[in-house]
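Working notes, beginning with the structure itself.
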Amino acid sequence: MRGMADPAPLRVKVARDGLFDFSNVPPGNYRAAVRAVSRTTPVVPITVLDKDITGLELAVTRPIKVQGRVIVEGGGSIPDFRFRMEQNAFGLVSGPVRLNSDGTFSLELPEKIRFELYGYPSSFDLKSVTYGANNLLREPLKAGGAEMQITFSRRP
């Protein structure tokens with residue numbers, strides 16, 4: 001949870017049964033969301049006054065299991081790269097994409113995130129990142145794609 005005036009997050013662990021408790025929160029306006037790997041919730045605005053807030057529910061969405069393939073136009077070795085995604089109001093999640101020897105991969109990603117690739121060698125251009133009909137360089141990930149395809153081209 002973050003205050004509108006103070007961007008430093010307040011964090012608590014969520015119990016296995018889904019319950020959580022923020023103690024001694026000063027009055028003010030906040031944004032609350034759950035942050036977990038491959039899972040996200042919408043940001044919920046909260047106003048804290050001089051009494052406890054109860055019954056707040058943050059619904060966690062199931063991640064989308066994404067199967068994909070990396071293609072290098074003209075063939076050749078696949079460059080190493082990393083991904084970065086805007087997961088929710090609490091910032092970015094990033095990491096390497098672990099590729100199989102044939103260029104295929106599997107990821108679990110939250111829906112409606114912005115996806116970016118970086119860290120690939122300057123001898124390559126990122127041509128496209130698609131998931132079904134979604135162009136992930138322009139629009140957020142949505143469920144229903146057949147396969148994610150990441151296409152690189154070599155610079156001359």
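For region 134-141, 3J(HN,Hα) computed residue by residue from phi via the Karplus equation (6.51, -1.76, 1.60; θ = phi - 60°) reads 6, 8, 6, 7, 10, 9, x, 5 Hz, glycine and proline entered as x. Take the Cβ atoms of Phe20 and Arg154, set R0 to 41 Å, and the FRET efficiency comes out at 0.25.
Values quoted throughout were computed directly from the atomic coordinates according to the rules given, and no laboratory measurement underlies them. Nothing here was measured: the structure is a model prediction, and the numbers come from that model. Quick reminder, even Gly has a Cβ in these numbers, built from the backbone with ideal geometry, and neighbours come from all protein chains shown.
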